[in-house]
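The values are calculated or read from the model by the stated rules, or taken from the named source; none is laboratory data. Quick caveat: nothing in here was measured; it's all calculated off a predicted structure. Ideal geometry is used to build each Cβ from the backbone, glycine not excepted, and the neighbour counts take in all protein chains shown. To get the accessible areas, we keep the full protein, side chains included, count just its heavy atoms, and leave off ligands, DNA and RNA. Shrake-Rupley method; radii C 1.70, N 1.55, O 1.52, S 1.80 Å.
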Amino acid sequence: MADLKINVNGEMRQVAAAHDTPLLYVLTNELRLQGPRFGCGLAQCGSCSVLADGKEIRASVAGKTITTLEGLPALYAQQKRLQPPPALHPLQQAFIDLQALHCGYCYNGMTIKAAELLAQNSRPSDAEIRAHMNGHLCRCGTYPRVMQAIKLAAKTMAGEQR
């Protein structure tokens, strides 16, 4: 065991874990975060996604700033210079408002990947959303609602009326 320092959701954290411990295990077991999930176990479905320095990843990294589902409101507030941070990121609220969630399997990965997209492209087209979200699996098949939620969040983030 070694003391590892990791910047998670804007806070420098120290955990005792082996250097080869998967990031997902550090986040869920050591830091007790519930956003990232163990899904397929092969990093293919997207349930374990986090943002590392603003880019979606599914593997362990060192020296990066990690943002989980729980940290999205603070990240959004930082990007928009809002005080205080909202309770939910506009994506999280849009997923709720449009009932884009059913079982919750895809929620973490879809939201993380969509946050990455909207940070890069504030007005993505349907084709751009599909291309960016490719590789994230939803067991319930709510892809149309996920697309609607991403578009609604984009409008909200741009200050447009809902």
>> Return the residues of the range 1-16 that are open to solvent by 30 Å² or more (accessible area, probe 1.4 Å) and not polar (S, T, N, Q); say none if nothing qualifies.
In response: MET1, ASP3, LEU4, LYS5, GLY10, GLU11, MET12, ARG13, ALA16
>> For SER122, only one of the following conditions fails: (1) polar (S, T, N, Q); (2) touching a Pro at 6+ places or on another chain (Cβ under 9 Å); (3) assigned to a loop (DSSP other than H, G, I, E, B). What is its number?
In response: (2)
> Can you tell me which residues in the range 98-144 are more than 14 Å from the chain's Cα centre (by Cα) and of a type in the set (D, E, K, R)?
Replying inline: ARG123, ASP126, GLU128, ARG130, ARG139
> Just one of GLN148, GLN120, GLN83 is open to solvent by 10 Å² or more (accessible area, probe 1.4 Å), among the polar types (S, T, N, Q), free of Cβ contacts under 8 Å to residues at least 60 places away in the same chain and in contact with a His (Cβ under 9 Å, 6 or more places away or on another chain); which is it?
Replying inline: GLN120
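Residue-by-condition table, conditions (1) within 27 Å of PHE38 (Cα to Cα); (2) in contact with a helix residue (DSSP H, G or I) (Cβ under 6 Å, 6 or more places away or on another chain):
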| residue | (1), (2) |
| --- | --- |
| GLY109 | yes, no |
| ALA114 | yes, yes |
| ILE129 | yes, yes |
| HIS132 | yes, yes |
| HIS136 | yes, yes |
| TYR143 | yes, no |
| GLN148 | yes, no |
| LEU152 | no, yes |
| ALA158 | no, no |
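What about ASP126, is it more than 27 Å from CYS40 (Cβ to Cβ), at pLDDT 95 or above and among the acidic types (Asp, Glu)? Can you show your working first?
Working: more than 27 Å from CYS40 (Cβ to Cβ): no; at pLDDT 95 or above: yes; among the acidic types (Asp, Glu): yes.
It is false that ASP126 is more than 27 Å from CYS40 (Cβ to Cβ), at pLDDT 95 or above and among the acidic types (Asp, Glu).
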> Which of (1) at pLDDT 95 or above; (2) among the hydrophobic types (A, V, I, L, M, F, W, C); (3) assigned to a loop (DSSP other than H, G, I, E, B) does LEU117 not meet, given it meets every other one?
Replying inline: (3)
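The rows are residues; the columns are (1) open to solvent by 20 Å² or more (accessible area, probe 1.4 Å); (2) free of Cβ contacts under 8 Å to residues at least 12 places away in the same chain; (3) over 19 Å from CYS138 (Cβ atoms).
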{"position": "ALA18", "(1), (2), (3)": "yes, no, yes"}
{"position": "ASN29", "(1), (2), (3)": "yes, yes, yes"}
{"position": "LEU42", "(1), (2), (3)": "yes, yes, no"}
{"position": "CYS48", "(1), (2), (3)": "yes, no, no"}
{"position": "LYS55", "(1), (2), (3)": "yes, no, yes"}
{"position": "ILE66", "(1), (2), (3)": "no, no, yes"}
>> Out of ILE96, ILE129, I need the residue that is in a helix (DSSP H, G or I), open to solvent by less than 40 Å² (accessible area, probe 1.4 Å) and over 26 Å from THR21 (Cα atoms). Which one?
In response: ILE129
